[in-house]
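The values are calculated or read from the model by the stated rules, or taken from the named source; none is laboratory data. Everything quoted here is computed from the prediction, not taken from an experiment. A quick note on method: Cβ atoms are made from the backbone with ideal geometry, for glycine too, and the neighbour counts reach across all protein chains shown. Note: accessible area is taken over every heavy atom of the protein model, side chains too, but ligands, DNA and RNA are not part of it. Shrake-Rupley method; radii C 1.70, N 1.55, O 1.52, S 1.80 Å.
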Amino acid sequence: MGDRSIKLIVNGYSYNVSVPAETTLLEVLREELQLTGTKFGCDTGECGACTVLIDGRPFRSCMTLAVEVEGKRITTIEGLANGGELHPVQKKFVELQAIQCGFCSPGMILTAVAFLGENPKPTRQEVRRAISGNICRCTGYQKIVEAVIAASKINGGGRK
Amino acid sequence: MTGEELLVVGKPLRRVDALDKVTGQGIYTGDLKFPDMLHAKVKRSEHAHARILRIETSEAESLPGVIRIFTSKDVPGENNVGVIVPDQPVFAEDTVRHYGDAVAMVVAESEDLVRKAVDLIKVDYDVMPGVFDPEEAMLPNSPLVHPDGKYGNEGNVLSKMGYEKGDVEKGFRDADIIVEEEYRPGYQEHAFIETERCIATSDGRNVTVYGSLQCPFYVRDAVAGALGIPRARIRIIQTAIGGAFGGKEDVPSELCARAALAAYILRRPVRKIRSREDSIVMHTKRHPMIIRHRLGATREGELVAARVEIISDQGAYCSVGKYVQKRAMVHACGAYDIPNSKVDTSFVYTNNILTGAFRGFGGPQVAVASELQMDELARRLGMDPLKLRLKNIVEKGGITAKGQNLDNCGKGLRECIEKAANVSQWDEKRDAYEKFNEKMKHSSTGTLNIRKGIGMSSIMYGVALGGPTPDSATSTCQITEDGSVIITTGGTEMGQGAKTVLSQIAAEAVGVPLHYVTILDADTSIVQNSGPSVASRITPVIGEATRRGAKEAVSEISNLACKLLGVNRVRSVIAPDGTPFSVPADAMVKKADIDKFPDKVDYHELVRSCYGEAKLLLGVGFCSTPTLLENGEYRDYYTYSFACHIAEVEVDMDTGRVMVKKLTCANDVGKAINPQTVEGQIEGGAVQGMGYGLMEELVTLNGRILNPSLVDYHIPTSLDAPQITPLIIEEHDSFGPYGAKGIGEPSLIPTPAAVLNAVGHAIGLAVRKTPASPENVWRAIRDHR
Ligand code: FES
Ligand code: FES
């Protein structure tokens with residue numbers, strides 16, 4: 001029924017999928033590509049749990065149609081660690097316990113990674129502004145802000 | 001304890017689930033997939049109170065890909081669930097009692113289809129008058145929610161509970177000053193980022209349910225009841241949980257019962273994921289309360305009497321309401337020594353959303369009343385709220401307002417208050433802000449009409465499930481041939497760090513590094529029922545069972561070590577390279593020198609020898625809390641933990657907008673098993689509590705929730721959350737593992753009141769209707785003018 005065949009580049013690999021035109025990127029990632037690290041918390045753009053990077057910039061995959069991102073470079077949480085080595089943001093999230101239930105973490109980490117790419121030496125307030133679209137119900141944000149600041153201080157913190 | 005150095009406990013070790021969670025490898029329920037999996041969604045009630053005349057499903061059924069539509073007729077067993085009383089239907093039968101009732105459920109091949117089919121179900125109702133105000137619900141002629149009274153309810157009153165201590169009337173006669181006010185703390189929505197979800201599978205005989213759930217055994221019992229099959233044929237497996245906070249305590253029971261029913265009948269896996277709207281409309285909320293609080297004191301500020309009346313909206317079903325009621329009753333007068341006290345509580349059925357478990361369990365609501373009363377009293381006496389509190393707090397050896405003798409705890413509170421005051425610079429700021437506000441009042445040139453305030457709230461919190469029945473738990477520990485340690489308990493990791501903390505406790509007891517330990521996910525066919533993961537009981541109660549189980553498992557290893565070393569007692573030392581050794585208990589050896597120390601045995605050798613000699617390296621740990629006293633009386637709670645939170649705010653007098661600038665949070669945790677995790681709990685709890693006091697407002701109209709989305713129901717974002725200073729206070733407890741008490745709930749309970757008191761300080765009058773939203777603050781200011 002009107003399936004579209006599209007080519008996606010996710011975490012450096014290219015995939016061909018055939019899905020209805022109204023399929024969201026979130027659905028394709030989770031249901032077709034089994035990349036379940038990208039979470040869905042609302043499906044209506046409210047929480048930011050589904051954030052992925054598209055050409056290095058954060059987008060809500062539940063609000064993005066798969067056909068719109070054909071040929072673009074998509075990074076999900078599974079593709080962030082570089083050959084097994086954690087991204088500095090991931091490292092600091094682990095070290096400073098910026099995680100509790102972990103459901104917001106993939107989206108939060110990717111938002112932070114994109115932000116540090118643009119603003120490698122941010123203030124705490126700038127970090128708070130950057131992640132304000134990603135809701136976390138568990139941590140109270142403080143350890144997340146600290147982790148992003150700490151990541152900005154190590155080499156390669158701004159790597160995307 | 002002998003004062004020996006702890007190896008693993010008390011250290012800020014990294015969370016055992018951290019790596020999974022930052023790389024996207026953690027498996028949550030929604031990440032599981034089964035071949036042939038079906039999807040399900042319920043048709044919710046369209047009225048708050050109505051008789052169901054007809055459910056028309058044929059159009060929905062005719063959609064290709066729709067497999068079946070279930071209603072109450074399809075339930076083979078009991079069509080109801082309920083932890084305390086079975087008043088909540090799996091599917092509404094002849095009556096709907098609130099908007100969140102499930103009338104039918106569509107099972108189909110895709111999520112898209114179930115959504116479409118649900119809209120095609122037509123239900124004819126005979127609408128009945130509803131009751132939406134708990135006080136109206138208590139009036140003689142109001143519509144009845146459960147007319148037959150079979151749940152022990154009288155009319156709409158589900159339950160009444162109260163107590164009196166001393167002579168309250170006389171107490172008030174002796175008082176020089178009486179403060180009497182009404183408080184209305186409202187609903188709170190859990191807003192976990194992962195909505196409720198489960199997947200059920202069945203071969204038509206046995207049923208397995210995977211889910212995001214706090215209490216797997218509640219779910220097992222509910223599924224068994226609904227299907228009418230023995231519990232032994234049901235297996236509930238917990239996956240990673242994306243936040244719970246009480247909202248996945250009994251809530252998954254109905255959800256899983258419906259999914260299990262479909263899987264059982266269709267013999268195909270059935271997945272159920274609640275949309276955000278279904279989640280908010282269907283699951284329990286924090287109980288809104290009307291609290292009338294009368295407090296009497298002497299001129300010097302000594303409390304002499306308290307009278308508290310609480311009426312709470314239970315909504316359509318009991319859920320865990322009576323337990324919340326008991327906790328609210330015991331804590332109603334706060335953490336103070338009050339010789340004469342009387343508390344009455346009524347929890348009342350209405351046709352509103354049902355209310356139930358939410359982190360704090362009645363505690364935050366009663367703290368709003370009792371802590372705002374303390375500030376009101378201080379204001380009228382012209383006393384510093386801090387001094388008024390220190391004058392009246394109940395301490396070790398004292399008697400709580402409810403009448404419990406604090407023979408085993410009570411030092412933590414003074415320490416919390418003093419530390420928080422010190423670190424936040426209470427005295428200086430109180431003064432400075434008052435001067436600032438005075439200046440602002442008279443300045444006409446300022447662009448912003450700002451006031452500043454600092455306020456506090458101090459609480460006590462009864463740890464674990466209350467008496468008279470002791471709270472008990474079981475945990476098993478096995479040590480494998482390679483020295484690994486496997487722990488099974490029914491306690492669940494929901495983000496709070498349970499697995500990390502239990503791992504640290506087990507590692508400490510066995511004497512091995514943290515990574516030796518694995519905590520299995522709760523699976524009701526493997527683990528024992530360790531009671532629910534609620535009431536901040538995992539660390540103290542399940543943790544103590546785990547410690548005991550681990551000690552038993554390692555006992556043969558220790559015996560062998562004693563024999564080999566020729567001593568009566570041994571202890572563990574972990575070498576710098578991570579190898580654990582046994583050494584004589586009194587050996588004066590540090591871990592750095594262990595290489596050169598001769599009197600030691602490698603743990604791994606000991607394990608191998610034990611296996612060689614066919615020794616059992618298995619322990620079953622069981623413990624029950626000391627709630628019963630020798631004289632036949634009982635403790636309301638076996639122990640208390642304490643907290644004092646201090647908030648600093650800025651209020652815009654023209655708009656009523658409040659910014660929380662700082663929170664200083666001192667929490668007594670007995671012993672911080674992992675200080676970093678404890679900090680995380682304090683920070684997260686405080687911000688959730690701040691949300692409740694400041695901004696979270698569920699809007700209802702005649703039983704309908706008008707803001708069932710995170711766009712319209714605002715929870716704190718990173719821009720709302722303030723700078724937080726968590727302070728850990730440790731008043732060693734004689735029961736809990738290594739002295740630990742719980743932290744999950746007392747991290748949240750004091751914050752709403754602290755924020756409200758800071759607002760009160762800033763604007764010079766109290767905001768008694770929560771939250772302190774711009775509207776409520778602005779109204780309070782206007783009404784005062
Ligand atoms: S799932 Fe996309 S914003 Fe919530
Ligand atoms: S860690 Fe649970 S939502 Fe952020």
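Along the charge dipole of chain B, pointing to its positive end and built from +1/-1 on Cβ of Lys, Arg, Asp and Glu, which listed residue (B:I290, B:T350, B:V687) has its Cα farthest out? Going by the Cα projections, it comes out as B:V687. Counting Cβ atoms of other protein chains within 10 Å of each residue's Cβ and taking the mean over peptide B:237-244 gives 4.
For B:R571, the residues 5 or more places off, or on other chains, whose built amide H falls under 5 Å of its own are B:V583, B:A585. Scanning residues 5 or more positions from B:C318 or on other chains, those with amide H under 5 Å from its amide H are B:D87, with H placed 1.01 Å from N in the peptide plane. Against chain A, whose longest principal axis comes from its Cα atoms, helix A:142-152 is set at around 90 degrees. Taking 17 Å as the straight-line reach from the Cα of A:K121, the aspartates and glutamates in range (excluding those fewer than 8 positions away in the same chain) are A:E146. Sorting the Cα pairs of chain A by distance into bins of 5 Å, from 0 upward, gives 2, 10, 20, 22, 19, 13, 8, 4, 2, 0, 0 percent per bin. Label positions at A:D55 and B:K11, each projected 7 Å from the Cα along the C-beta direction, are separated by 4.8 nm. Given +1 at the Cβ of Lys and Arg, -1 at the Cβ of Asp and Glu and no other charges, the dipole of the stretch A:88-158 around its Cα centre is 120 debye to the nearest 20. Within the assembled protein chains, the solvent-accessible surface assigned to B:S709 is about 20 Å², based on a 1.4 Å probe.
Applying a threshold of 19 Å to the alpha-carbon distances of B:K551/B:K596; B:K160/B:K342; B:K499/B:K671 flags B:K551/B:K596 as lying beyond it. Karplus-based coupling profile of the stretch A:119-125, in residue order and whole Hz: 9, x, 10, x, 8, 4, 5, with θ = phi - 60° in 6.51 cos²θ - 1.76 cosθ + 1.60 and x standing for Gly or Pro.
Just to be sure I understand: if you take the accessible area of chain A alone plus chain B alone and subtract the pair, with a 1.4 Å probe, what total do you get in Å², rounded to 100? Using a 1.4 Å probe on protein heavy atoms, the buried area is about 4000 Å². Over the protein assembly as shown, the pair-distance histogram of Cα-Cα distances with 10 Å bins from zero comes to 2, 12, 20, 24, 21, 13, 5, 1, 0 percent, rounded to whole numbers. Over all orientations, the stretch B:349-414 has a Cα convex hull whose mean projected area works out to 6.7 square nanometres.
What base-10 log of the normalised intensity I(q)/I(0) is obtained for the stretch A:3-79 from the Debye formula, alpha carbons as equal point scatterers, at q = 0.13, 0.19, 0.22, 0.27 Å⁻¹? Values returned for q = 0.13, 0.19, 0.22, 0.27 Å⁻¹ are -0.30, -0.68, -0.93, -1.45.
Toward the positive end of the charge dipole of the protein assembly as shown, with +1 on the Cβ of Lys and Arg and -1 on the Cβ of Asp and Glu, the farthest Cα among B:V330, B:L514, B:V107 is that of B:L514. I'd like the FRET efficiency for A:K7 and B:D36, computed as 1/(1 + (r/R0)^6) with the beta carbon distance as r and R0 of 30 Å, rounded to 0.05. Step by step, r from the Cβ atoms, then E = 0.55. Computed over protein heavy atoms with a 1.4 Å probe, the carbon and sulfur contribution to the accessible area of the stretch B:297-380 reaches 45%.
Shape annotation for chain B: C-alpha extents along the principal axes are 81, 74, 57 Å, from largest to smallest. As a length-normalised measure over Cα pairs under 8 Å and 6 or more apart, the relative contact order of the stretch A:3-79 settles at 38 percent. Separation of the stretch B:482-538 and the stretch A:97-149, taken as the distance between their Cα centroids, equals 29 angstrom.
Its Cα centre serving as origin, the stretch B:146-216 has a Cβ charge dipole (Lys and Arg +1, Asp and Glu -1) of approximately 480 debye.
On a 21 Å Cα-Cα criterion, which of the cross-link pairs B:K322/B:K396; A:K91/B:K590; B:K11/B:K591 come out too long? Don't skip to the answer; put the middle values down first.
On the way: B:K322/B:K396 29 Å; A:K91/B:K590 31 Å; B:K11/B:K591 16 Å.
Check vs 21 Å cut-off fails for B:K322/B:K396; A:K91/B:K590.
The Cα-based radius of gyration and maximum Cα-Cα distance (Dmax) for the stretch A:88-158 are 10.5, 30 Å.
For the protein assembly as shown, the per residue solvent-accessible surface stands at 36 Å², with DNA, RNA and ligands left out and a 1.4 Å probe.
Our coupling estimate for the stretch B:569-581, obtained by passing each phi through the Karplus curve with A = 6.51, B = -1.76, C = 1.60 and θ = phi - 60°, is 9, 10, 9, 9, 10, 9, 5, x, 7, x, 7, x, 10 Hz, Gly and Pro reported as x.
Pairing the Cα long axis of helix A:105-118 with the longest principal axis of chain A, what angle in degrees results, from 0 to 90 and rounded to the nearest 10? Value to nearest ten degrees: 70. Relative to one another, the C-alpha centroids of the stretch B:300-360 and the stretch B:118-167 are positioned 18 Å apart.
Normalised by residue count, the stretch B:27-124 yields a Cα convex hull volume of 126 Å³ per residue. Based on Cα contacts under 8 Å between residues 6+ apart, chain B shows a relative contact order of 15 percent. The lysines whose alpha-carbon is closer than 22 Å to the alpha-carbon of B:K41, local same-chain residues fewer than 8 away aside, are A:K39, B:K33, B:K73, B:K116, B:K122, B:K248, B:K272, B:K285.
Between the stretch B:21-93 and the stretch A:4-62, the alpha-carbon centres lie 28 Å apart. Net charge dipole, the stretch A:3-79: roughly 280 debye, given to the nearest 20, about the Cα centre with Cβ charges of +1 for Lys and Arg and -1 for Asp and Glu.
Here's the picture: charge each Lys and Arg Cβ at +1 and each Asp and Glu Cβ at -1 in the protein assembly as shown, and of B:N674, B:L381, B:L120 the one pushed furthest to the positive end of that dipole is B:N674. For the stretch B:8-44, a reduction of at least 40 Å² in accessible area between the chain on its own and the assembled protein chains (probe 1.4 Å) is found at B:R14, B:R15, B:K21, B:V22, B:T23, B:G24, B:Y28, B:D31, B:K33.
State the antiparallel share, in %, of DSSP beta bridges confined to chain B, rounding to the nearest 5.
Taking every DSSP beta bridge within chain B, about 75 percent pair in antiparallel fashion.
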